[in-house]
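Single-structure report; data block below.
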Amino acid sequence: MTEIADNRILRITRLLVYLIMGVVAIAGALLAVMCVVLPFYWTEAMAELNTAHPNLDPTTLLPHLLSVFALGILTLGLLWTMMRKLLAIIASVEEGNPFVRANAIRLKAIGWLMVGLQIVGVPLAIAAGKAADMFGESDTGWDLSLNGILAILLVFILAGIFERGAEMREELEGTV
Amino acid sequence: MPVTVKLDDLLYAKRMTLTELAERVDITLANLSILKTGKAKAIRFSTLESICKVLECQPGDLLGFEEGEG
């Protein structure tokens, strides 16, 4: 167990998770501020944008942008929750007690959050694509990620493994 | 559970306390207590061997089976 506790990979992973959470928090806060502020300063913003893109339609651009921001916040929220659960799992591994039912539940939750991310990705890509079209760019588009689906399946399988592991551990604890 | 542990009776017959048994079989008092109260889920052969050696009994003397319970 001490081997696991000393594992550098765990420490690096935790640092990375903290880093991701920091980026997610900053990005989320920025998007939230934009959502609130943008409608109030829309005429000024449009005046600025019109110099570079004279054909922009302000009445249709604002709803597209706001939906991109809102869906972005939702995506970041899902990511944040996922990272919190991952931190709890890392902590349990560091304690040397990873095979507990709580971790199986956490992994299942991470799996569903990943499903959520895939689902939210569809309207987000559509809204972002529409907004990008208005600027004359069309590089954004949603494509089905095989890696994402594979990762989701792996997480659910891992959750099953942890559930069985927790059962075995409980049995071992009851062995005299 | 239909399988019962008769450690209490054996200890009484030998006039031995659980603490004394724990010291002699080198099993923690907590674990022996789990066994005595019937909360154990499994018992190792090595545990059975140590207890039977100290209490001079057979595994069958330690364990019983009562149908209908559990």
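No value in this document is a laboratory result; all are computed from the given coordinates. From a predicted model like this one, the values you see are computed outputs, not experimental measurements. Every residue, glycine as well, gets a Cβ built from its backbone with ideal geometry; the counts of neighbours run over all protein chains shown.
The figures follow:
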read-out: Only Lys, Arg (+1) and Asp, Glu (-1) charged, at Cβ; chain B dipole about Cα centre in debye; value: 200 debye
read-out: Peptide A:163-176 - average C-beta neighbours from other chains (10 Å radius); value: 3
read-out: For B:Thr4, distant residues with modelled amide H under 5 Å away; value: B:Gly64, B:Phe65, B:Glu66
read-out: In sequence order, calculated HN-Hα J values of the stretch A:163-172 (Karplus, 6.51, -1.76, 1.60; Hz; x Gly/Pro); value: 5, 5, x, 5, 4, 5, 5, 4, 5, 5
read-out: Degrees between helix A:42-52 axis and first principal axis of chain A (Cα, 0 to 90, nearest 10); value: 80 degrees
read-out: Amide H contacts of A:Thr175 (H built 1.01 Å from N, under 5 Å, at least 5 apart or other chain); value: B:Lys41, B:Ala42
read-out: Derived scalar couplings ³J(HN,Hα) [the stretch A:111-128; Karplus, 6.51 cos²θ - 1.76 cosθ + 1.60; whole Hz; x for Gly, Pro]; value: x, 5, 5, 5, 4, x, 4, 5, 5, 5, x, 5, x, 5, 5, 5, 5, 5
read-out: Kirkwood-type radius of the protein assembly as shown, with distances r between different C-alpha atoms, in Å; value: 23.7 Å
read-out: Cβ charges +1 (Lys, Arg) and -1 (Asp, Glu), total dipole of the protein assembly as shown, debye; value: 300 debye
read-out: Restricting the stretch A:19-50 to chymotrypsin sites (Phe, Trp or Tyr not before Pro) in coil, as DSSP defines it, with at most 12 other Cβ within 10 Å; value: A:Phe40, A:Tyr41
read-out: Modelled label reach - A:Gln118, point 7 Å along Cα→Cβ, the stretch A:71-108 residues with backbone N closer than 15 Å; value: A:108
read-out: Selection from A:Ser92, A:Thr13, A:His64, by position along the positive dipole direction of the stretch A:1-105 (Cβ); value: A:Ser92
read-out: Per-residue HN-Hα couplings for the stretch A:62-78 [Karplus 6.51, -1.76, 1.60; θ = phi - 60°; Hz; x = Gly/Pro]; value: 4, x, 5, 5, 5, 5, 4, 5, 4, 5, x, 5, 4, 4, 5, x, 4
read-out: Calculated P(r) tail over 20 Å for chain B, as whole % of Cα pairs; value: 19 percent
read-out: Positive-end residue of B:Tyr12, B:Gln58, B:Ala42, charge dipole of chain B with Cβ unit charges; value: B:Ala42
read-out: Where trypsin sites (Lys or Arg not before Pro) in DSSP loops with at most 12 other Cβ within 10 Å are excluded, longest remaining stretch of chain B; value: B:45-70
read-out: Span-rule helices in chain B, defined as complete DSSP H runs reaching 20 Å or more along the axis (Cα) with Kyte mean at least -0.5; value: none
read-out: Folded to 0 to 90 degrees: helix A:8-37 orientation relative to chain A principal axis, Cα; value: 30 degrees
read-out: Neighbour-limited loop hits for GluC sites (Glu not before Pro), chain B (at most 15 other Cβ within 10 Å; DSSP other than H, G, I, E, B); value: B:Glu56, B:Glu66, B:Glu67, B:Glu69
read-out: Within chain A, helix-based [θ] at 222 nm, where runs of 4 or more DSSP H residues each add -39,500 (n - 2.57), nearest 500; value: -29000 deg cm²/dmol
read-out: Gyration tensor (alpha-carbon) shape descriptor, the stretch A:13-143, a/c threshold 1.5; value: prolate
read-out: Rel. contact order, % - alpha carbon contacts under 8 angstrom, at least six apart, chain B; value: 56 percent
read-out: The stretch B:47-70 versus the stretch B:11-46: alpha-carbon centroid distance in Å; value: 11 Å
